[in-house]
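Have a look at the structure below, then the notes.
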Amino acid sequence: MSDPVTVAITRQLEPGHEAEMMSWLNAGIHLAERFPGFLGAGWVRPEAASTEWHMLYRFADHDSLQQWEHSSQRAWWRASASGLGVVEARVEKRTGIEGWFDVPQSTLVVEGAAPAPAPPPRWKQACTIFLVFFPLSVAANWLGGELVGDLFLPLRVLLTVLVMTPVMTYVALPWITRTMQWWLQGQPAPWRRKAQAASAS
């Protein structure tokens, strides 16, 4: 897996320990910053008196995330919260387009170090999906007409969707999001970066 991975962790803590919790979360972020592939992190709370703390962090790929999650530094950091009574309630890992989720509108952003990249605009997401969805749809419909053209239409559509769904999910979308990441995040094209690097040297 070579797509960026976003991890969302919900932790619960009884009121009265906000200062300790903030120090603990920021310490974890500062440790993670030292690891290759770290893209950013931050945390939010639904409201100032909430017992829930939502932490987000992002790594460039699965391997770099694994290095952090299995490191002795992270193990020490997690163990250091034992006295606080922190309870880990939920963990989610999302890749590619799944990683572009909006923080709930009710949340209050308390603090964050090196915030994770903002989700790309919806129209860019739609254009990126179209780049693989259209040619795959054309190919699938053509092959369906050639191979099972006499099949009852709903069954032919069902067969096409059953084939396209895993291809889109596991192959096409990860590939196109990785290839177009520079455009989705508003960065210069790779060939321009190479030209700039060459001219600078």
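The values are calculated or read from the model by the stated rules, or taken from the named source; none is laboratory data. These figures come from a predicted structure and were not determined experimentally. For neighbour counting, all protein chains shown are included, and Cβ atoms are generated from backbone atoms with ideal geometry for every residue, glycine included. Just so you know, the surface numbers come from the protein's heavy atoms only, side chains and all, with ligands and any DNA or RNA stripped out. Shrake-Rupley method; radii C 1.70, N 1.55, O 1.52, S 1.80 Å.
Mind listing just one residue for me: the one in region 56-90 that is more than 21 Å from ARG45 (Cα to Cα), of a type in the set (A, V, I, L, M, F, W, C) and not in a strand (DSSP E or B) and, of those, modelled with the lowest pLDDT?
Only one residue tops the list, namely ALA60.
Take the residues of region 14-39 that are open to solvent by less than 10 Å² (accessible area, probe 1.4 Å) and either touching a helix residue (DSSP H, G or I) at 6+ places or on another chain (Cβ under 9 Å) or modelled with pLDDT under 85 (or both): which is nearest to THR177 (Cα to Cα)?
From region 14-39, those open to solvent by less than 10 Å² (accessible area, probe 1.4 Å) are 21, 25, 28-29, 32; that's our starting set.
Of the ones still in play, those that are also either touching a helix residue (DSSP H, G or I) at 6+ places or on another chain (Cβ under 9 Å) or modelled with pLDDT under 85 (or both) are 28, 32.
Working: GLY28: 28, ALA32: 24 Å.
Ranking the qualifying residues of region 14-39, first place goes to ALA32.
Against the conditions (1) closer than 17 Å to SER71 by Cβ; (2) in contact with a strand residue (DSSP E or B) (Cβ under 8 Å, 6 or more places away or on another chain), where does MET22 fall short? Just the number, please.
(1)
Please name all residue pairs, on different chains or six or more residues apart, with Cβ atoms under 6 Å, provided the first residue is in region 143-158 and is on the phi < 0 side of the Ramachandran plot and the second residue is open to solvent by less than 70 Å² (accessible area, probe 1.4 Å) and small (Gly, Ala, Ser).
If the second residue must be open to solvent by less than 70 Å² (accessible area, probe 1.4 Å) and small (Gly, Ala, Ser), the pairs left are ARG156/GLY144.
For residues in region 51-77 being touching a residue at least 12 places away in the same chain (Cβ under 8 Å) and open to solvent by 70 Å² or more (accessible area, probe 1.4 Å), which is nearest to the chain's Cα centre (by Cα)?
In the first step, residues of region 51-77 are kept if they are touching a residue at least 12 places away in the same chain (Cβ under 8 Å); the result is 51-65, 67-68, 71, 73-74, 77.
Okay, now just the ones that are also open to solvent by 70 Å² or more (accessible area, probe 1.4 Å), so 63, 67, 73.
Details: ASP63: 14, GLN67: 17, GLN73: 23 Å.
Selected residue: ASP63.
Within region 104-163, which residues are open to solvent by 80 Å² or more (accessible area, probe 1.4 Å), modelled with pLDDT of 65 or more and either assigned to a strand (DSSP E or B) or not aliphatic (A, V, I, L, M) (or both)?
The answer is ARG122, TRP123, PHE130, PHE133, PHE134, ASN141, TRP142, GLU146, ASP150, PHE152.
Can you tell me which residues in region 182-195 are open to solvent by 40 Å² or more (accessible area, probe 1.4 Å) and either assigned to a helix (DSSP H, G or I) or among the β-branched types (Val, Ile, Thr) (or both)? Please lay out each step first, then the result.
So the first thing to find is which residues in region 182-195 are open to solvent by 40 Å² or more (accessible area, probe 1.4 Å), and the list is 182-183, 185-188, 190-195.
Scanning region 182-195 gives TRP182, TRP183, PRO190, TRP191, ARG192, ARG193, LYS194, ALA195.
Regarding LYS93, is this residue open to solvent by less than 50 Å² (accessible area, probe 1.4 Å), modelled with pLDDT of 80 or more and of a type in the set (D, E, K, R)? Reasoning before the result, please.
Working: open to solvent by less than 50 Å² (accessible area, probe 1.4 Å): no; modelled with pLDDT of 80 or more: yes; of a type in the set (D, E, K, R): yes.
Criteria not met by LYS93.
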